[in-house]
Amino acid sequence: MSAGLNPAFEAFLGALPEQKIWAQVLIQRAQEDFELRHIVDREVLAGELKKIASAELRTLASFTESKEFRPLKSAPNLPRGWIAICHGPIELSQALQGLYPGSVADWFAAQSVRPPVTNYREYTNRQSGMYRITQMLSDEQVPEVIRSTCAPASCLKRRLWSAQSLPADAPESKSLIPCLEPCAVLLENARKAMRNIQERVRTSATEPA
């Protein structure tokens, strides 16, 4: 293993072709370096793009083009119009961690014979405090929350976990970045959905007949 690289990134690097699309980022080999840019800028001349240091990619990924905070880094709203050169594998590893935190590690885990996938019920049954309420969503209600949170228009990760009647995402429906378990955004949306359901029930119960 190369100094400074973990086994997950070593495997990723070994499987990296001359070009690879990683969610909304195009990775291109350039001898010993790696060029990164937004996929929509694939045909744009390098000189027409803003050159940024690879260390700046974490900050870039934190906001949309309109400067709104991006709570979900896998959302399809990564800013475009930039180019970054990573000088060697270590910089590339750090750049991808800044753009899509944990994505390479999850990709590596998903390559195993039995990926460490946690479905909705397993995940929410571990919750306590304000998120324990997410256990109360019915088998019919859970898929509704997942569809609204994990649709391609909201998240580019390919969901490998399932929930009752809702199967995992098809390989062609999302990016190469896997999702191994429900995320904090999904959990919060599930909490809000259950709170709304409870409020509707209370309101209905207090309405005059």
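Points to keep in mind about this one:
- Under the condition of being small (Gly, Ala, Ser), touching a Phe, Trp or Tyr at 6+ places or on another chain (Cβ under 9 Å) and free of Cβ contacts under 8 Å to residues at least 60 places away in the same chain, the residues counted in segment 162-201 number 3.
- Here the condition is being over 26 Å from ARG29 (Cα atoms), without any contact (Cβ under 8 Å) to a residue 24 or more places away in the chain and within 14 Å of the chain's Cα centre (by Cα); of ARG147, ARG132, ARG126, ARG159, it holds for ARG159 alone.
- Residues in segment 86-110 that are in contact with a helix residue (DSSP H, G or I) (Cβ under 7 Å, 6 or more places away or on another chain) and of a type outside the set (Phe, Trp, Tyr): CYS86, PRO89, GLU91, SER93, GLN94, ALA95, LEU96, GLY98, LEU99, SER103, VAL104, ALA105.
- When LYS67, LYS73 are checked against the criterion of being crowded, with 16+ Cβ neighbours inside 10 Å and out of contact with any strand residue (DSSP E or B) (no Cβ under 6 Å at 6 or more places or on another chain), LYS73 stands alone in meeting it.
- Odd one out for ALA110 among (1) at pLDDT 95 or above; (2) small (Gly, Ala, Ser); (3) more than 19 Å from the chain's Cα centre (by Cα): (3)
- Condition check for ILE133: under 17 Å from ALA193 (Cβ atoms) and either outside any loop (DSSP other than H, G, I, E, B) or small (Gly, Ala, Ser) (or both): yes
- Positions within segment 1-44 being outside any loop (DSSP other than H, G, I, E, B), of a type outside the set (A, V, I, L, M, F, W, C) and either more than 24 Å from SER112 (Cα to Cα) or open to solvent by 60 Å² or more (accessible area, probe 1.4 Å) (or both), in sequence order: PRO7, GLY14, GLN19, GLN28, ARG29, ASP33, GLU35, ARG37, HIS38, ASP41
- Taken as a whole, the condition of being at pLDDT 95 or above and either more than 14 Å from the chain's Cα centre (by Cα) or open to solvent by 20 Å² or more (accessible area, probe 1.4 Å) (or both) applies to GLU188.
- Considering segment 45-59, and only residues there that are in contact (Cβ under 8 Å) with a residue 12 or more places away in the chain, open to solvent by 40 Å² or more (accessible area, probe 1.4 Å) and aliphatic (A, V, I, L, M), the residue that is farthest from ILE177 (Cα to Cα) turns out to be ALA46.
- Filtered by the rule that a residue be assigned to a helix (DSSP H, G or I) and crowded, with 17+ Cβ neighbours inside 10 Å, segment 144-177 gives VAL145, ILE146, THR149, CYS150.
The values are calculated or read from the model by the stated rules, or taken from the named source; none is laboratory data. As the structure is a computational prediction, the values presented were derived from the model and not from experiment. Please note: Cβ atoms are built from the backbone with ideal geometry, for glycine as well, and neighbour counts cover all protein chains shown. Note: areas computed on protein heavy atoms with side chains; ligands, DNA, RNA excluded. Shrake-Rupley method; radii C 1.70, N 1.55, O 1.52, S 1.80 Å.
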